[in-house]
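Data block below; observations after.
The values are calculated or read from the model by the stated rules, or taken from the named source; none is laboratory data. Quick caveat, the model's predicted, so the values are computed rather than measured. Here the Cβ positions follow ideal geometry from the backbone for every residue, glycine too, while neighbour counts run over all protein chains shown. Ligands, DNA and RNA are stripped out before the accessible areas are found, and what is left, the full protein with its side chains, is counted by its heavy atoms. Shrake-Rupley method; radii C 1.70, N 1.55, O 1.52, S 1.80 Å.
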Amino acid sequence: MKRIGIISDTHSYWDDRYLIHFADCDEIWHAGDICSMEMIEKLEAPYGEDKDGKPKRRIVRAVCGNCDGGDLRLRFRETLRWRCEDVEVMMKHIGGYPGKYDPSVRRQIMDNPPQLFISGHSHILKVMYDRTLNLLHINPGAAGLQGWQKERTLIRLCIEGSRIYDLEVITLA
């Protein structure tokens with residue numbers, strides 16, 4: 001079982017509550033517009049020790065957004081696809097949503113749909129099930145201050161085997 005924290009569109013803004021809400025998460029997935037390596041370094045920072053006294057670190061997976069450049073583009077790709085437990089996951093910053101996938105990923109999604117597709121960019125929280133492709137789409141909204149969103153949001157969920165469950169939307173006032 002993996003506990004996952006999903007975040008997007010931080011635009012260099014750090015809030016200590018990110019790590020409070022993701023304290024029990026095994027992995028953090030950032031859907032782009034990170035805008036600073038410092039953000040990634042804070043998400044990856046050690047958070048205690050394992051039973052052998054070695055520092056514990058979360059796995060951080062991220063994609064570049066349209067506002068990311070420099071070191072972020074050297075480290076992260078625009079599209080990422082991997083398996084978490086038995087779930088095929090795909091993440092792209094500008095990805096659209098069911099019925100309106102972005103042309104840059106539409107063919108990939110239609111030809112070989114993942115079970116979980118994560119995107120950012122719109123700053124609009126969306127959790128939608130695509131019945132045609134049998135996939136769950138998540139846009140965690142925006143966690144940073146830049147943009148027009150009225151609420152800052154994060155998502156937590158669990159994945160065990162092929163099951164995605166305990167999805168929780170967290171609103172940061």
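Residues are listed down the side, and each one gets a yes or a no for (1) out of contact with any helix residue (DSSP H, G or I) (no Cβ under 8 Å at 6 or more places or on another chain); (2) open to solvent by 50 Å² or more (accessible area, probe 1.4 Å):
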position: 4; (1), (2): yes, no
position: 8; (1), (2): yes, no
position: 15; (1), (2): yes, no
position: 25; (1), (2): yes, no
position: 38; (1), (2): yes, yes
position: 43; (1), (2): no, no
position: 49; (1), (2): yes, yes
position: 57; (1), (2): no, yes
position: 77; (1), (2): yes, yes
*Kindly indicate whether any position in the stretch 131-139 is in contact with a helix residue (DSSP H, G or I) (Cβ under 9 Å, 6 or more places away or on another chain), modelled with pLDDT of 95 or more, open to solvent by less than 60 Å² (accessible area, probe 1.4 Å) and part of a strand (DSSP E or B).*
yes
_Kindly evaluate residue 102 against the criterion of being open to solvent by 60 Å² or more (accessible area, probe 1.4 Å) and either modelled with pLDDT under 95 or touching a strand residue (DSSP E or B) at 6+ places or on another chain (Cβ under 6 Å) (or both)._
no
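Would you pick out the residues in the stretch 157-169 that are surrounded by fewer than 19 Cβ atoms within 10 Å (Cβ to Cβ) and assigned to a strand (DSSP E or B)?
Keep residues of the stretch 157-169 that are surrounded by fewer than 19 Cβ atoms within 10 Å (Cβ to Cβ), which gives 158, 160-163, 165-169.
Once the filter is applied, which keeps residues that are surrounded by fewer than 19 Cβ atoms within 10 Å (Cβ to Cβ) and assigned to a strand (DSSP E or B), the stretch 157-169 yields 158, 160, 163, 165, 166, 167, 168, 169.
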_Lone qualifier among 173, 143 - being under 21 Å from residue 12 (Cα atoms), of a type in the set (Gly, Ala, Ser) and surrounded by fewer than 19 Cβ atoms within 10 Å (Cβ to Cβ)_ = 173
*Report, ordered by the first and then the second residue, all pairs with beta carbons closer than 7 Å, sequence separation of six or more or different chains, a first member in the stretch 28-40 that is over 13 Å from residue 75 (Cα atoms), and a second member that is open to solvent by 10 Å² or more (accessible area, probe 1.4 Å) and modelled with pLDDT under 95.*
28/58
*Go through the stretch 146-156 and give me each residue that's surrounded by fewer than 21 Cβ atoms within 10 Å (Cβ to Cβ) and either touching a Phe, Trp or Tyr at 6+ places or on another chain (Cβ under 8 Å) or part of a strand (DSSP E or B) (or both).*
146, 156
